[in-house]
Amino acid sequence: MPDFLNILVSIVFDGLAYAMILFIISVGLSITMGLMGFVNLAHGAFAMTGGYFVVSLMTGLGLGFFPSLALAAIGVGAGSLLLERVFYAPLYKAGELDQVLMSIGLVFMASAALTFFFGPDPVSINVPEMLSGQLDLGFRKFPAYRVFMIVVGVVMITVLWFGIEKTLVGARVRAVVDNRHMAESIGINVDLLFKMVFALGSGVAAIGGGLAVDILGLSPNFAFQYLVLFLIVVTVGGLGTIRGAFVAAIVLGVIDNAGKYLWPEGGAFFIYAVTIAILLVRPAGLFGKT
Amino acid sequence: MRLKSLFSAGAVALLLGVSAAGNAADVKVGVVLTFSGGAAQFGQQISRGMELYMKQHGAELGHNVELIKRDSKRPGGDIAKTAVQELITREKVDILAGFVFSPNAIASAPLVTQGKVPMIIMNAGTAWIPNLSPYIARVSFTMWQSGYPMGEYAKDTLECKTAASGYTDYPPGKDSVSAFRTGFEKAGGEIVDEIPMGGPREVPDFTPFFQRVKDAKPDCFYVFVPAGNHTTAIVKTFADLGMGDAGIKLIGPGDLTQDTKLQDMGDDAVGMITMHHYSADYDTPENQAFVKAWKAEYGEDTTPDFMGVAGWDGMAAIFHVIRTLDGDIDADAAMAALKGWKFDSPRGPIMIDPETRDIVHDVHVHEVVKSGDRLAIEVLGTIPQVKDPCKELKIGKCAE
C-alpha cells in the first residue's frame, strides 16, 4: 500500500475509534441539554462512574466485560434518576449559572468519592482475549479493540437513531426539543420524558466510560480531563440531536488524531481551531436549530 | 571573596541562633513531595525510603531529626515553590529534601539560594538542575545518565541504524530525548523523528503518536514518559499496534520499567530494554537487605523502586551532613560535606560529584524477562560510575 494511503487509513481509523467514545459519552448530554436546556457539566462524571463500575465488577467480582458494561449502564442509569430528583429537578427553572455550579459541584464530589474508594492512580482492566491484540482485515492489521469500538459506535447510533426517528417516544422527544410549550400543550408529559431520557443518557455514558477505560484510561480525574471535549462535541454537533453529536464526534476525533499524527508539536491545537471555525460559521452547531 | 563568605556565614549563624532557640540539637528537614493526586505514589515511595533509613539508623545519629512534609501535588512548580517558601521562612528548616518533578525543583531553586538552605533532590532528573543553585545536591539521577548511554547502546549493541523518539513534553522529557539523540548520533545512528506526546499531568491516548512512528519504520523507538501511570499505556499501545512484530525495538530510560509498575505491564513488556541505575531485582547483598527491610516494614506485596532508593540514599546523605556538622547545619558547610560523599547504596556504590554536586553511579542495561509468573529485570551489562554526560560535554544549559 502506498505510504500516503497508509497514513490516511491510520488517521481515519484511529480517529474513528476515538470518535466513537466521544459520541457514546456525549450523546446523552446533547439530548438532555436539548430537551431541558439544563447545562449538566456532571455528565462526564456518569461516564467516569460507569467506568469504575466496570472495573470493580471485573476485578472485584470477576464478572466478564460485557455483563459488567450492562450492569454499569443499569446501575448508573438508576442512580442518575435519584440524582435527578434530588439535585437537578429543583434547578430546572433556575439560571444557567446555578445549574453549572451545582453540576460542577457534583463532579468534584464524584472525583473525591472515587479517589477515596479507589485511590488517585489510574485503574485498568483486561479486555477479553478476542478484543486484545491485532485483527487482520486482509489488507492491513488493526488493533482489535479499536475495531470493536467502531462497531459498537455504529450499532449505538443505529439503535439510537431508530429510537428517536421511528418510535413514538422518539417523536415526543423531537417534539419537545423543537418546541417545548407546544409539546406540553398537546399533552406530552415532558417531566416523565426527561427523566427517561436523562436515565438513558446517563446509562449510555456509563457504557462509554466502561469502553473508554482501555483507550483513554480511567482515574478520578476523568470527568475533568475530558469535560471540555464532551462539551465541544455537543456544541459543535448542536443541542438535542443524535446525528449532530455523531458527526461532530467523528469530525473532531479524526481531526484531533490527524493533528497529533501529522504535527505532534501542535498538540491539541487543531481541535480548538476547528471548533472555533465551525462555530463561527454555524453558531448553533452543525445540526443545531438557530 | 573571603570577607563576603565570612560575612554570610555570620548571617546564617545569626539566623540559626534565632531558629534553634528551642533545642540546639534538633534538625528540621522540610520534605516537599507529591502526596496527593496521580503522583501520590512517588511521594509515598520517597518518603517511605527516607523513613526506613531513619528508623534503622536514627538511634545512632545522636540528633533528633524532624521531617516536615509538604504536598507539592502537581508538576507545575507553583505549589512546590510556595511550600518551599513557607518551609524556609516560617518553619525555618535546616535542610530541604524531596522534589519529584523537575519543574518543582527548578521553581524552588532561587529560594534556596536566597534562603541559604541545602536542598537534596531525591528524584527530579533534568540534568541542569544543580547548576541553578550552589545549595543543590542530587542523590537520584539525571536523564542524561540513562539517555546518553542508551543512545550508544542502541547503535552499537542493539544495532539500530535509525531511531525515533517520543517524549512527554516537559523539561526531563526534552532532556532525556536530547541525551539519547546526542549519544545515538555520536555513535553514528540517525534520528528520524522526535515526537512530543502531551504534558505530564494526564496520560494521553498514545496511538496517533505511535502510529506515526510505526509508519516511519525506525529500528529503535526511544520513549520517555514520567515513571508511573504513563508506562503501562506505552507498553499496551506498542503491543496493540503490533510495533514489535513490525521489527521496532522499544527502548528507554529505566523510568519505563519502574519496579512498582512492572507487574501491571503484562507479558507485552517482555523484551523491552531500558537503561537505569536501580531495580529491586538486583542480587547484591546491600539490595537484598534493603528490599527485605522494605517488605518487612511496608508489606510483602510492596516493593521499593528507584524513588524509594533515592529517599533512602538522600536520608543517608542528610545523616552524613548532620553527623559531620554535629547537628549545627550551615548551608556552605553542608554542601562542603556533601561534595565527594560516598555511600554503599542498594543500587551500588554512589558518590556526589564534588564538581557538579550531582550523583555518580553505575548504570545498567535492563531487559524485561519472564521469571516464573512474574516479570523481572535482567541486567545485560553495566557501565561503571557514570557522571552526568550533559555536564561533562557541556551541552546547552548544562554549560551554564
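Whole Å is fine, so just give me how far the alpha carbon centre of region B:310-329 lies from that of region A:138-199. A separation of 65 Å, based on Cα centres. Judged by the ratio a/c of the largest to the smallest principal axis of the C-alpha gyration tensor, region A:1-126 counts as oblate, that ratio being 1.5 or greater while a/b is no larger than b/c. Each peptide in A:185-198, B:165-178, B:316-329 was scored by the mean count of other Cβ atoms within 10 Å over its residues; highest first, the order is B:165-178, B:316-329, A:185-198. Most fluctuating residue of B:Ala227, B:Ala179, B:Ala296 in a GNM of chain B with Cα springs under 10 Å: which is it? Of the options given, B:Ala296 has the highest mean-square fluctuation. Residues of region B:33-56 whose accessible area (probe 1.4 Å, heavy atoms of protein chains only) drops by at least 30 Å² once all protein chains are present, relative to their chain alone: there are none. Averaged over the residues of B:201-214, the number of partner chain Cβ atoms lying within 10 Å of the residue Cβ comes to 6. Two tests apply to each whole DSSP H helix in chain B, Cα reach of 15 Å or more along its axis and mean Kyte-Doolittle hydropathy of at least -0.5, and the ones passing both are B:2-19, B:78-89, B:102-115, B:229-240, B:306-325.
Comparing Cα centroids, region A:55-102 and region B:336-372 end up 50 angstrom apart. With the dipole of the protein assembly as shown worked out from charges on the C-beta (+1 for Lys and Arg, -1 for Asp and Glu) around the Cα centre, which of B:Ala336, A:Leu57, A:Ala72 lies farthest toward the positive end? Sorting the options by dipole projection puts first A:Ala72. Rounded, prolate or oblate: which one fits region B:143-256, using the alpha carbon gyration tensor with axes a ≥ b ≥ c (rounded when a/c is under 1.5, else prolate when a/b beats b/c, else oblate)? Oblate.
For region A:145-263, the relative contact order works out to 19 percent when only alpha carbon pairs closer than 8 Å and six or more residues apart are counted. Extent along the principal axes, Cα only, for chain B: 67, 46, 36 Å, with the longest axis given first. Based on DSSP H segments of at least four residues, each scored -39500 (n - 2.57), chain B has a per-residue ellipticity at 222 nm of -13000 deg cm²/dmol.
What does the C-alpha gyration tensor say about the overall shape of region A:109-188? Classify as rounded when a/c is under 1.5, otherwise prolate if a/b is larger than b/c, or oblate. Since a/c reaches 1.5 but b/c is at least a/b, the shape of region A:109-188 is classed as oblate.
Could you give the angle, 0 to 90 degrees to the nearest 10, between helix A:168-178's Cα long axis and the longest principal axis of the Cα atoms of chain A? Rounded to the nearest ten degrees, it is 80. In this structure, the residue pairs whose Cα-Cα separation is over 29 Å, taken from A:Lys93/A:Lys289; B:Lys161/B:Lys339; B:Lys214/B:Lys394; B:Lys28/B:Lys81; B:Lys55/B:Lys261, are B:Lys161/B:Lys339; B:Lys214/B:Lys394. Surface analysis of region A:221-284 yields an accessible area of 41 Å² per residue, using protein heavy atoms and a 1.4 Å probe.
Relative contact order, whole percent, for region A:79-220 stands at 34, derived from Cα pairs under 8 Å and 6 or more residues apart. The mean number of Cβ atoms from other chains found within 10 Å of a Cβ in peptide B:236-245 is 4, as a whole number. The residues of region A:104-177 expose on average 56 square angstrom of accessible surface per residue, using a 1.4 Å probe on protein heavy atoms.
Spatially, region B:128-177 and region B:204-224 are offset by 18 Å when compared through their Cα centroids.
Ordering A:46-54, A:218-226, A:96-104 by mean Cβ neighbour count within 10 Å, with the highest value first, yields A:46-54, A:218-226, A:96-104. Tally up the carbon and sulfur contribution to the accessible surface of the protein assembly as shown as a whole percent, 1.4 Å probe, everything protein left in place. Of all accessible area on the protein assembly as shown, carbon and sulfur atoms account for 61 percent. For chain A, the longest principal axis of the C-alpha atoms and the axis of helix A:3-36 are separated by about 10°.
Just checking the listed ones, A:Ile250, A:Ile164, A:Ile21: in the Gaussian network model of chain A with Cα springs under 10 Å, the one fluctuating most is A:Ile164. Buried accessible surface for the B/A chain pair comes to about 2000 Å², total over both chains, computed with a 1.4 Å probe.
When both bridge partners sit in the protein assembly as shown, DSSP labels roughly 40% of those beta bridges antiparallel.
Could you work out the relative contact order of chain A, using alpha carbon pairs under 8 angstrom and six or more residues apart, expressed as a whole percent? It rounds to 37 percent for chain A. Computed with a 1.4 Å probe over protein heavy atoms only, the accessible surface of region B:118-218 comes to 28 Å² per residue. In region A:123-148, comparing the full protein assembly with the chain on its own, the residues that lose 30 Å² or more of accessible surface at a 1.4 Å probe are A:Gln134, A:Pro143, A:Arg146.
The values are calculated or read from the model by the stated rules, or taken from the named source; none is laboratory data. As the structure is a computational prediction, the values presented were derived from the model and not from experiment. As a convention, Cβ positions derive from the backbone with ideal geometry for all residues, glycine included, and neighbour counts pool all protein chains shown. What goes into the accessible areas is simple: the full protein's heavy atoms, side chains included, and nothing from ligands, DNA or RNA. Shrake-Rupley method; radii C 1.70, N 1.55, O 1.52, S 1.80 Å.
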